[in-house]
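See below for the structure under consideration.
Laboratory data are not the source of any read-out in this text; all were calculated from the coordinates shown. All values reported here derive from a predicted model rather than from experimental measurement. Virtual Cβ from ideal backbone geometry, glycine too; neighbours counted across all protein chains shown.
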Amino acid sequence: MIIPAPLIPQRLFGEALLRSAGKNPGKTAIIVKGNKYSYAVLEQSATRLAGCLQNTGVQKGDRVAIYMHNSFQCAVSIYAASFAGAVFLVVHPQTKAQKLQFILNDCKAVVLIGEALHQEEISEAISAADSVQTLILTGTAAAGQVQERNVISFEEVVDNPLFSLYPTTVIPNDLSALIYTSGSTGFPKGVMMTHQAMVFTSWSLIEYLRLTEEERIMLMLPMSFDYGLYQLIMAITVGATLIIEQSFTFPASIYKSIETNNPTVFPGVPTIYAMMIASGKEHGLQFPGVQKVTNTAAALPADFIPELKKIFPNALIFSMYGLTECKRVCYLEPELVDLKPNSVGKAIPGTETFLLTPDGNPVKAGENGILHIRGPHIMAGYWNRPDLTSEMIKPAYIPGERMLCSNDWFRMDEEGFLYFQGRNDDIIKSRGEKVSPIEIEKVIYKLNGIREVAVFGIPDPILGEAIIACATVHAGANLIDKDIMKECSRQLELFMIPQKVLILESMPKSTNGKIDKKELKNSFLSIKG
């Protein structure tokens with residue numbers, strides 16, 4: 001007896017698409033710029049692209065990099081890589097060639113799926129990325145060879161019924177994805193996620209967000225960001241419809257999309273909500289059709305909640321906290337958002353959270369401690385970085401079990417609700433993205449005349465943290481703050497550009513001669529205050 005696909009238990013990441021397409025093949029899976037794509041078309045396109053990947057030599061566990069804007073093609077590529085037994089990674093489309101090259105070399109990607117409009121950036125990146133043998137480009141691209149690589153048209157592949165998929169021997173313990181996030185060394189690090197971790201996480205999120213197949217989920221956040229990626233995953237897993245937008249850069253177009261496409265779920269970050277609140281106060285913005293509003297990346301300011309209720313009068317508001325290393329840690333039930341507006345709630349279903357001192361001792365209610373997480377959703381580690389992995393993954397209470405140390409400070413009240421207190425590392429979390437200060441410092445150091453640079457974050461109610469860059473210059477240098485800002489704008493992604501640049505006479509130093517960022521930050525805050 002053959003069991004129908006919708007009834008087969010989901011064990012692998014890509015099986016969610018097979019289940020949903022088997023159940024409702026004609027249903028709209030994705031809407032992009034007014035174009036509607038059914039589950040059958042999504043599955044067929046992903047299957048053909050997967051067959052193409054296998055024909056190019058992709059084997060189980062090989063890495064396939066996806067360097068694209070939010071699009072139907074990006075969604076197809078993610079599931080195609082999974083169908084082929086590969087490990088997918090989505091790279092932010094604003095990523096510069098040098099950083100893209102580092103990622104490709106770090107994970108030894110064998111295929112890069114991208115957009116023809118980025119062909120110049122891609123060519124520069126792969127010039128010293130020997131592992132990449134095949135480029136699959138969507139849009140009008142130069143045929144033939146680029147940097148001695150085979151170039152394949154994305155459109156020709158998905159339109160070709162001759163590409164067939166061969167069975168793979170992937171099991172839930174195998175890697176499904178690498179999610180690159182900024183590291184304290186200035187280079188991004190790949191968070192390794194297994195199939196079982198991603199399947200478990202998606203269903204846990206679906207459970208507490210109370211999602212059904214009737215949802216219409218809006219996506220404005222990049223799929224390179226785990227918050228954006230999981231909007232796609234949740235929509236496909238539950239059999240809902242995903243409304244894809246590239247970004248919130250043009251709010252008016254997003255508002256028009258909401259009115260046209262009638263989303264029921266609106267995921268955002270404080271930066272987006274701040275702009276919406278400002279528009280609401282000026283123009284009386286209101287979207288009664290939205291039933292669920294979610295926030296993560298940075299804490300949702302308590303003052304935002306009553307304003308969001310005016311914009312989304314019929315919506316449940318979910319405040320959440322997470323780490324790329326386990327996707328999501330906790331959430332606050334929307335019914336409690338007025339009672340505990342500063343809390344990020346409790347552990348997501350099927351997981352456990354607790355606070356420990358730096359020495360590993362339990363913390364009493366009301367006291368600060370470092371948040372630790374247990375559950376099937378934690379990462380397998382950082383790709384090729386056992387040193388960094390050991391800083392985050394610790395032995396748990398069952399022999400052989402591992403738990404995640406967030407390195408973030410929290411307080412837990414008597415009822416078990418968590419309250420974020422501060423970050424323990426140097427990473428800045430701004431605009432919903434993790435930003436490495438060292439990566440910004442490296443760009444500024446390249447300017448002639450720069451002597452010393454220090455970048456740090458300060459609390460910001462909208463951005464989560466605002467990025468501050470301080471520099472000293474050599475005698476006779478004519479550099480001004482605008483020169484530094486211009487170079488950052490040229491070299492860095494938008495979310496990494498400092499909000500303020502200061503040129504100082506000298507930097508505070510520690511006893512070992514290093515720049516004392518803590519003192520620098522405190523001095524800035526005291527002056528600002």
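With a cut-off of 8 Å between alpha carbons and a minimum separation of six or more residues, what is the relative contact order of the chain in percent?
11
If you average 1/r over every pair of different alpha-carbon atoms in region 190-275 and take one over that average, what Kirkwood value in Å do you get? All intermediate terms of the calculation are to be shown ahead of the outcome.
Details: mean 1/r = 0.0735 Å⁻¹.
After inverting the pairwise mean of 1/r, the radius is 13.6 Å.
What are the ³J(HN,Hα) couplings of region 430-436, residue after residue, when phi is run through the Karplus curve with 6.51, -1.76, 1.60 and θ = phi - 60°? Round to Hz, x for glycine and proline.
Per residue, the Karplus-derived 3J(HN,Hα) values read 10, 6, x, 10, 7, 10, 8 Hz.
What dipole magnitude, in Debye to the nearest 20, does the chain give about its Cα centre under +1 on Lys/Arg Cβ and -1 on Asp/Glu Cβ?
The dipole of the chain has a size of about 80 debye.
May I ask you to list the GluC sites (Glu not before Pro) in region 190-295 that are in a DSSP loop and have at most 11 other Cβ atoms within 10 Å of their Cβ?
Glu214
Report the antiparallel proportion of the DSSP beta bridges in region 5-196 as a percent, rounded to a multiple of 5. Can you show the working numbers first?
On the way: 13 of 32 bridges.
Bridges in region 5-196 that DSSP calls antiparallel: roughly 40 percent.
Note down the magnitude of the dipole of region 428-528 about its Cα centre, charges +1 on Lys and Arg C-beta and -1 on Asp and Glu C-beta and zero elsewhere, to the nearest 20 debye. Could the numbers behind the result be given before it?
Values: 16 positive and 13 negative charges, 18 e Å.
I would put it at about 80 debye.
If each DSSP helix of 4+ residues adds -39,500 (n - 2.57) and the sum is divided by the residues in the chain, what number results at 222 nm, nearest 500 deg cm²/dmol? Let's see the in-between values first.
Numbers: 15 runs with 162 residues, N = 529.
The helix-only estimate for the chain comes to -9000 deg cm²/dmol at 222 nm.
For region 293-401, what is the largest minus smallest coordinate of the Cα atoms on each principal axis, given in angstrom and ordered from greatest to least?
49, 33, 22
What share of all Cα pairs of the chain, in percent, falls into each consecutive 10 Å distance bin?
Per 10 Å bin, starting at 0, the Cα pair percentages come out as 4, 18, 28, 28, 17, 5, 1, 0, 0.
Calculate the translational D of region 5-196 in whole µm² s⁻¹ from Stokes-Einstein, where the hydrodynamic radius comes from the Kirkwood formula applied to all Cα pairs, the temperature is 20 °C and the viscosity 1.002 mPa s. Show your work: numbers first, answer last.
Working: Rh = 16.9 Å.
The Stokes-Einstein estimate is 127 µm²/s.
What list of ³J(HN,Hα) values in whole Hz, one per residue of region 339-356 in order, does the Karplus curve 6.51 cos²θ - 1.76 cosθ + 1.60 (θ = phi - 60°) give from phi, with Gly and Pro shown as x?
So the J values, rounded to whole Hz, are 7, 10, x, 9, 8, 9, x, 10, 4, 5, x, x, 9, 9, 10, 7, 10, 10.
So for region 340-400, taking the charge dipole from beta-carbon charges (+1 Lys/Arg, -1 Asp/Glu), which of Gly375, Asn342, Met392 sits furthest toward the positive end?
Asn342
From Cα pairs below 8 angstrom and at least 6 apart in sequence, can you work out the relative contact order of region 5-196, rounded to a whole percent?
Normalised by residue count, the contact order of region 5-196 is 21 percent.
Could you give me the percent of Cα pairs per 10 Å distance bin for region 351-504, shortest bin first, beginning at zero and ending with the bin that holds the maximum distance?
10, 30, 27, 20, 11, 2, 0
Just want to confirm a number: the relative contact order over region 181-293, from Cα pairs under 8 angstrom separated by 6+ residues, in percent.
Reported as a whole number, the value is 23 percent.
Arranged from highest to lowest average of other beta-carbon atoms within 10 Å per residue, in what order do the peptides 471-480, 377-386 appear?
Ranked by mean Cβ neighbours within 10 Å, highest first: 377-386, 471-480.
For region 428-528, what is the per residue volume of the convex hull drawn over the alpha-carbon atoms, in cubic angstrom?
101
In Å, what is the Rg of the alpha-carbon atoms in region 110-268, and how long is Dmax?
Rg then Dmax for region 110-268, in Å: 18.5, 49.
Would you pull out the residues with amide H under 5 Å of Asn70's amide H, same chain only if 5 or more places away, H placed 1.01 Å from N?
Here the answer is Met223, since their amide H atoms fall under 5 Å of that of Asn70.
Between Arg63 and residues 5 or more places away or on another chain, which pairs have amide H atoms under 5 Å apart, with H built 1.01 Å from N, and which residues are they?
Close amide H contacts, sequence-distant or interchain: Val87, Val110.
So what are the ³J(HN,Hα) numbers for region 64-69, from phi and the Karplus equation (6.51, -1.76, 1.60; θ = phi - 60°), rounded to whole Hz, Gly and Pro as x?
10, 8, 10, 10, 8, 6
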